[in-house]
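Enquirer: Sharing a structure here in structure tokens format.
Each reported figure results from applying straightforward, stated rules to the coordinates on display, with no laboratory input. Here the structure is a predicted model, which is why all the values come from computation and not from measurement. With ideal geometry, Cβ positions are generated from the backbone for all residues, glycine too; neighbour counts draw on all protein chains shown.
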């Protein structure tokens, strides 16, 4: 039988009691640490199989964009205030919602302001926003953040993108709720 090593976790606060350790971390912090290491390995070793270089570039750029946005997460859903996936590197991407859908607005797909932190597991504000539309967010604290960020990248949208229904609806609601 293997005896567990008891000691102080590298990542726990200094006043924490001694705990069984795995690689100098308590079980909770060890899982987070391994998840981060594994996600970094996956990004580094992921085979990019695509027909053209543009797709490969977009794949790598999008992974980098999500990684950078993960650093901006607070751990709280901007719409409902519940917990987001910030503390779980495996799922933190699920809490990063594009304000303007990346598939329809490629000009701002990777813009630093084209995101909002929404919960995925609790009330699924991210899923509601993606599937049911803008109306689910209007009136929440997230809406004011989204409108502010929208104005930061609106000038980058192409004329073709500005003809889309989503843009027109968002712009209309943003103008109506401008205070």
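Enquirer: In which sequence would 68, 109 go, from the one with the fewest C-beta neighbours within 10 Å to the one with the most?
Expert: Fewest-to-most Cβ neighbours within 10 Å comes out as 68, 109.
Enquirer: For a quick check: sort 95, 16 by the number of other beta carbons within 10 angstrom, fewest at the front.
Expert: With the sparsest Cβ surroundings first, the list reads 16, 95.
Enquirer: Using every pair of alpha-carbon atoms in the chain, split the distances into 10 Å bins beginning at 0 and state the percent of pairs per bin, rounded to integers.
Expert: The distribution over the chain is 9, 29, 30, 18, 10, 4, 1, given as percents.
Enquirer: Can I ask one more? Among 142-149, 27-34, 114-121, how do they line up from the highest to the lowest mean number of other beta-carbon atoms within 10 Å? If you can, show how the numbers build up before the last one.
Expert: Working: 142-149: 18.5, 27-34: 15.2, 114-121: 22.8.
Most protected by this proxy first, the peptides run 114-121, 142-149, 27-34.
Enquirer: Given segment 70-166, report the % of alpha carbon pairs whose separation exceeds 18 Å.
Expert: Percentage above 18 Å: 43.
Enquirer: Okay, next question. Mind checking the full-extension length gain between residue 3 and residue 91? Use 0.36 nm per residue of separation minus the Cα-Cα distance, one decimal, nm.
Expert: Residue separation times 0.36 nm, minus the Cα-Cα distance, leaves 28.4 nm.
Enquirer: Moving to a separate point now. Using 7 Å Cα-to-Cβ label points, what is the residue 32/residue 177 separation (nm, one decimal)?
Expert: That separation, rounded to one decimal, is 3.2 nm.
Enquirer: Just from its helices, what would the mean residue ellipticity at 222 nm be for the chain, if runs of 4 or more DSSP H residues each count -39500 (n - 2.57) and the sum is divided by every residue, rounded to the nearest 500 deg cm²/dmol?
Expert: Computed ellipticity for the chain at 222 nm equals -12500 deg cm²/dmol.
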